[in-house]
There are 2 protein chains.
Amino acid sequence: MLDTKVHAYLNDHRDRHLSQLVELLRFASIANNDDDQCPLCVAWLVEYLSEIGLAARILPTDGKDMVFGESPPKPGRPTLLIYGHYDVQPPDPLDQWTTDPFDPTVRDGNIYARGASDDKGQFLLHLQAVEAWLQATGDLPVNVTVLLEGEEEIGSPSLEPFVLAHKDLLSADAAVISDSAFFAPGAPSILTALRGLAYVELTLHGPKADVHSGLHGGVVANPVNALAAMIGAMHDGDGRVALPGFYDDLAPPTEAELADWQALPFDEADLARSLGVAALGGGERDLPPLVRAWARPTLDVNGIIGGYTAPGAKTIIPSSATAKISMRLVADQDPQTITDGFRQFVHKHTPVGIRAEVDIHSTARPVLVPTDGPAVQAAQAAMTEAFGRKAVFIRCGASVPVTEVVQRMLGLDAALMGFGLPDDNPHSPDEKFSLEHFHKGAIASAAFLGELAQRLR
Amino acid sequence: MLDTKVHAYLNDHRDRHLSQLVELLRFASIANNDDDQCPLCVAWLVEYLSEIGLAARILPTDGKDMVFGESPPKPGRPTLLIYGHYDVQPPDPLDQWTTDPFDPTVRDGNIYARGASDDKGQFLLHLQAVEAWLQATGDLPVNVTVLLEGEEEIGSPSLEPFVLAHKDLLSADAAVISDSAFFAPGAPSILTALRGLAYVELTLHGPKADVHSGLHGGVVANPVNALAAMIGAMHDGDGRVALPGFYDDLAPPTEAELADWQALPFDEADLARSLGVAALGGGERDLPPLVRAWARPTLDVNGIIGGYTAPGAKTIIPSSATAKISMRLVADQDPQTITDGFRQFVHKHTPVGIRAEVDIHSTARPVLVPTDGPAVQAAQAAMTEAFGRKAVFIRCGASVPVTEVVQRMLGLDAALMGFGLPDDNPHSPDEKFSLEHFHKGAIASAAFLGELAQRLR
């Protein structure tokens, strides 16, 4: 149970905490914009961290600055690393916002602004929990370090070198990252896995220039035909990926996880409707959708181009064709093994008269966080207490690169407490964050600090 | 044997005939250019036809004018329709021409200009043969009508309505079309078949907008994956087209044709080298290249596009994907039956969660000209006489729509006497026409008139 004084403090200061969020959301801290307000936002955050009692400083990178803070160190206590990102997605298209994306507005129990849910609201609530402990009790259950990044929305290019250079500073016993959402309203959720990625570009070359499909059709191998056939062969008739060794290293979800997922309020027809399709599809036909999205790897063509694509008709055999292909990976698939298998497959399926070229764009390892670790257990207890409903373990089909970096480089299984809602529009117009979730999230975070201290003692 | 007076006339007037070709080639008669010189070219042709003794006039269409001419009618004699086109391909890229495309220049026994081989040189030689007969003997072996089109290079959009409206005027006993080439230098050739075409556009629709491939990969059918799989399934492992009924109506080439083709000077490695590929490919693996290109139908993707195609990576499941697909048809395939089969195939192979859309761009029937008809026999005898080498029957993988129109609407199997050479660059910079072929072509045409009269008597 959360300390009553801390709980009371958070209740008493709810309005002021909202005002602080409004201030923070006013900064147009867009990482890929030269004329952005990241420096102003960083200055505000450093001052804010100091005010709540942390030693705060700016740590530069080759890109945007990191904001770093730490509580007064108490030897012998475990340390929690709180990660967040202060940069936000660009607000375009501006004309689709009901109110200005950088003029935060409260409507219907939500605050609307770019960054409200992703990620300013979600990391600020942790800092308010820290403040509440310090102000209400004069102490913290655990030592706290805070790392606020400014490049998450552009792929965190400076994160890995930064972590490598500051391993000692960032060393901790647990980590918490809140950059996700409830599975549904009323279903507080903790992510336990994120998929990895292997993104490749495959180009097939045929004749040195486009040639006449009448004169040469049937005589010259057509790179688009060949690319289509090759991609077609990458799945078998059951929707399974046919690359060599693709399923060799899969760690299946536990029986408990599968049972939990089955109990989630998921409606296949609703999702199909929201996506504008007659029915869901893709993936392995014999598995339920959540299993396919969370616990199975996929191979999707993200883009394809070759030959004549303007309106009308042109009768050519194109000189080349290219596909961008991403494979989502799950534990314990290794991106290197997967891309090796991809190359082998391409080599084997390249027909006479065609030359194949494979480029690896990027790879990311999948993340699997054991549900029985102290941070995850503490997070579940704290969210259950704060929201009055048992927090569930879910997964996510996407990637959150920092989670993998923290796991691989710092050895920490992060508690991925998600306080957003599925309709928060994190990368779209009218991004919002629930005021109730903002407040109860701070209570959950405060409870988490206490639960974590007990489990790590 | 050609009448010696006619032969002598053509030899005596060789220089003047070349001057006339130079005049004709000066017109930039480009059909798809608003500011073109088609009207000037038409006026020149009408005057020219009148000078050589034909009744000439302009017949308008919704597009470019037709030039029409007829010899003084002699009742009881068979009539030959001579087709040609006075429009030319655009000359771009201009900087790759050695000399100005509309300033005809003689070099190394060739005349260089846009339209030299395609088709001004090739139809003018027939008119010079008519002139030679009239001037040297005062008579023609057959009645002659001449139809010169101005829209061949843009797909002859006005031709079919024109022929329909002027069936009586165009009624004839034989037709000759010279808009093709020798198989190789020293191999005078007559085309006996052209492939038809069924050009379709296939679009697969998935989610109503691009969606996140991490969140939704494996749950939503991917239209690019589906399109690739569908196209891949359109060929079997032996390179045969797998559409239903695709091969039902094929008329195989005769044993004589196959033997002739085998004797042609064709080198597979040379063709591969010229196209910049390590080896030929495509089509049915167990058949020789000339059979594949001339006597077998094909299915080629001419263009494909879907999803993210700019540089770099984007992780989306695209909303849709489109392919332009052309099928080259051979006798007796019916384009309607083929496109019906295509639709059936698409319907059957459309996976759950995908909606398919098929548009038919255009169709053209294949043409097969019997080698034992009077016009073709006369053409073979005449070309053999003029060039001193036995003229061979070859086919062409491309389409020449007028041939099909003349066959279907006027009931005429045209003699497709080709006087070009394979390196004439008909749609490229430095288009040329051999002066020897221009002269001997006129002799061949004059001989053809005599041979035809004998066979149609």
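Every number in this text was worked out from the coordinates using simple rules, so none of it is lab data. What you are looking at is a predicted structure, and each value in this text was computed from that prediction instead of being measured. Note: ideal-geometry Cβ built from the backbone for every residue, glycine included; neighbour counts use all protein chains shown.
Here, P(r) means the percent of Cα pairs in each 5 Å bin from 0 to the largest distance; for region A:13-69 it is 4, 18, 24, 25, 17, 8, 3, 0.
How many percent of Cα pairs in region B:279-326 exceed 13 Å? For region B:279-326, the fraction of Cα-Cα distances above 13 Å is 68 percent. Shown here for region B:367-430: trypsin sites (Lys or Arg not before Pro) in loop regions (DSSP other than H, G, I, E, B) with at most 13 other Cβ atoms within 10 Å, namely B:Arg389, B:Lys390. Going by neighbour counts of Cβ atoms within 10 Å, the residues A:Leu81, A:Leu147 line up, fewest first, as A:Leu81, A:Leu147.
Couplings 3J(HN,Hα) of region A:147-156, computed from phi: 10, 10, 8, x, 9, 5, 6, 10, x, 6 Hz, in residue order, whole Hz [Karplus 6.51 cos²θ - 1.76 cosθ + 1.60, θ = phi - 60°; x for Gly and Pro]. Note on region B:272-387: Rg/Rh from Cα positions, Kirkwood definition for Rh, rounded to two decimals, is 1.11. Potential lengthening of the chain between B:Ala269 and B:Val22 amounts to 85.2 nm, from the contour at 0.36 nm per residue minus the alpha-carbon distance.
Could you tell me which of rounded, prolate or oblate describes region A:97-240, using a ≥ b ≥ c as the square roots of the eigenvalues of the alpha-carbon gyration tensor, with rounded for a/c under 1.5 and, failing that, prolate when a/b is larger than b/c and oblate otherwise? Prolate.
Looking at B:Ser178, B:Ala193, B:Gly155, which one has the Cα that reaches farthest to the positive end of the dipole of region B:142-202 (charges on Cβ: Lys, Arg +1; Asp, Glu -1)? Final value for the positive-end residue is B:Ala193.
The calculated FRET efficiency for A:Lys314 paired with A:Arg14, based on their beta-carbon distance and R0 = 51 Å, is about 0.20. Between this copy and the others, label points of A:Pro93 are 3.7 nm apart in ascending order, each placed 7 angstrom from Cα in the Cβ direction.
The distance from the alpha carbon centre of region A:385-457 to that of region A:88-130 is 17 Å, rounded to a whole number.
Cα gyration tensor of region B:406-450, axes a ≥ b ≥ c as square roots of the eigenvalues: rounded (a/c below 1.5), prolate (a/b > b/c) or oblate? Oblate is the answer for region B:406-450, as a/c is 1.5 or above yet b/c matches or exceeds a/b. Using alpha carbons only, how many angstrom separate the centre of region A:28-57 from the centre of region A:156-201? Region A:28-57 and region A:156-201 have Cα centres separated by 20 Å. When +1 charges are put on Lys and Arg Cβ atoms and -1 charges on Asp and Glu Cβ atoms, the dipole computed for the protein assembly as shown relative to its Cα centre reaches about 1420 debye. Overall, the anisotropy analysis places the protein assembly as shown in the prolate class: the square-rooted eigenvalues a ≥ b ≥ c of its C-alpha gyration tensor yield a/c not less than 1.5, with a/b exceeding b/c. The lysine pair count for chain A, using Cα distances under 23 Å and pairs eight or more places apart or on different chains, is 13. In this simple spin-label model, placing a label point 7 Å from the Cα along the Cα-to-Cβ direction at both A:Asp62 and B:Ala278 gives a separation of 3.6 nm.
Placing a label point 7 Å from the Cα of A:Ser50 along the Cα-to-Cβ direction, the distances to the matching points in the other copies come to 9.9 nm, shortest first. Counting only other chain Cβ atoms within 10 Å of each residue's Cβ, the peptide B:395-401 averages 3.
For the peptide A:228-239, the mean number of other protein chain Cβ atoms found within 10 angstrom of a residue's Cβ is 5.
Between A:Asp139 and A:Asp168, the FRET efficiency from the beta-carbon distance, with R0 = 30 Å, is close to 0.75.
Exposure proxy for A:Leu287, B:Leu275: other Cβ atoms within 10 Å of each Cβ, ordered fewest to most, give A:Leu287, B:Leu275. The Cβ shell under 15 Å around A:Val22 holds other residues with a net charge of +2, Lys and Arg each +1, Asp and Glu each -1. Here is how far apart the A:Leu287 label points are across copies: 4.3 nm, shortest first, using a point 7 Å from Cα toward Cβ.
For chain A, the C-alpha radius of gyration sits at 1.08 times the compact-globule guess of 2.2 N^0.38 Å, with N the residue count. Name the residues of region A:395-434 whose amide N is less than 17 Å from a point 7 angstrom out from the Cα of A:Asp95 along the C-beta direction? Residues A:429-430 qualify, since their backbone N sits under 17 Å from the label point. Projecting label points 7 angstrom from Cα along Cα→Cβ for A:Gln344 and A:Asp249 puts them 1.3 nm apart. Measuring from the axis that maps chain B onto chain A, the chain B residue with the nearest beta carbon and its rounded distance in angstrom come out as B:Gly232, 1. Summing Lys and Arg as +1 and Asp and Glu as -1 over all other residues whose Cβ lies under 10 Å from the Cβ of A:Arg240 gives a net charge of -2. Here the residues B:Asp103, A:Asp36, ranked from fewest to most Cβ neighbours within 10 Å of their Cβ, fall in the order B:Asp103, A:Asp36. Rounded to the nearest 500, the 222 nm mean residue ellipticity of the protein assembly as shown from helices alone is -10500 deg cm²/dmol, with -39,500 (n - 2.57) taken per DSSP H run of at least 4 residues.
Under 4 °C and 1.567 mPa s, how fast does region A:145-215 diffuse according to Stokes-Einstein, given a Kirkwood radius computed over C-alpha pairs? Answer in µm²/s, whole number. Rounded to a whole number, D works out at 73 µm²/s. Counting Cβ atoms of other protein chains within 10 Å of each Cβ in B:354-365 and taking the mean gives 1. To the nearest 10 degrees, how steep is helix B:435-456 against the longest Cα principal axis of chain B, on a 0 to 90 scale? Result, in degrees: 80. Size check on region A:30-173: the Cα extents along the three principal axes, sorted descending, read 54, 37, 22 Å. I'd like to know which of A:Met230, A:Gly53, B:Pro252 lies farthest towards the positive end of the charge dipole of the protein assembly as shown, counting +1 on Cβ of Lys and Arg and -1 on Cβ of Asp and Glu. Of the listed residues, the answer is B:Pro252. How tilted is helix A:38-51 with respect to the longest principal axis of chain A? Cα atoms for both, answer in degrees (0 to 90, nearest 10). The two axes meet at around 30 degrees.
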